[in-house]
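Peer 1: So that we are looking at the same thing, I have put the structure below in structure tokens.
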């Protein structure tokens, strides 16, 4: 793989949707959304204007 292709691939990885769920603060990782209590860690709740919901199991919490 050439240097230009590798650099382009590295930038493409940073635009993946999963990076908007985490924030780096120093040496620690902060999760910006809550996990689903039914499905467990790794499944985030979607944020709507009036509720939080899980797309996997359908769990919903009103805000």
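The values are calculated or read from the model by the stated rules, or taken from the named source; none is laboratory data. As the structure is a computational prediction, the values presented were derived from the model and not from experiment. Ideal geometry is used to build each Cβ from the backbone, glycine not excepted, and the neighbour counts take in all protein chains shown.
Peer 1: At pLDDT below 85 and outside any strand (DSSP E or B): does that describe residue 12? Show your work before the answer.
Peer 2: Values: at pLDDT below 85: yes; outside any strand (DSSP E or B): yes.
So residue 12 fits the description; yes.
Peer 1: Within the range 31-59, which residues are exposed (fewer than 10 other Cβ atoms within 10 Å of the Cβ) and either in a strand (DSSP E or B) or in contact with a helix residue (DSSP H, G or I) (Cβ under 8 Å, 6 or more places away or on another chain) (or both)? Talk me through it step by step, then tell me what you get.
Peer 2: Of all residues in the range 31-59, those exposed (fewer than 10 other Cβ atoms within 10 Å of the Cβ) come to 40-42, 49-50, 58.
Across the range 31-59, the qualifying residues are 40, 41, 42.
Peer 1: Something else: Go through the range 15-42 and report how many residues are modelled with pLDDT of 90 or more and under 9 Å from the mean Cα position of the chain (by Cα).
Peer 2: Selection size over the range 15-42: 3.
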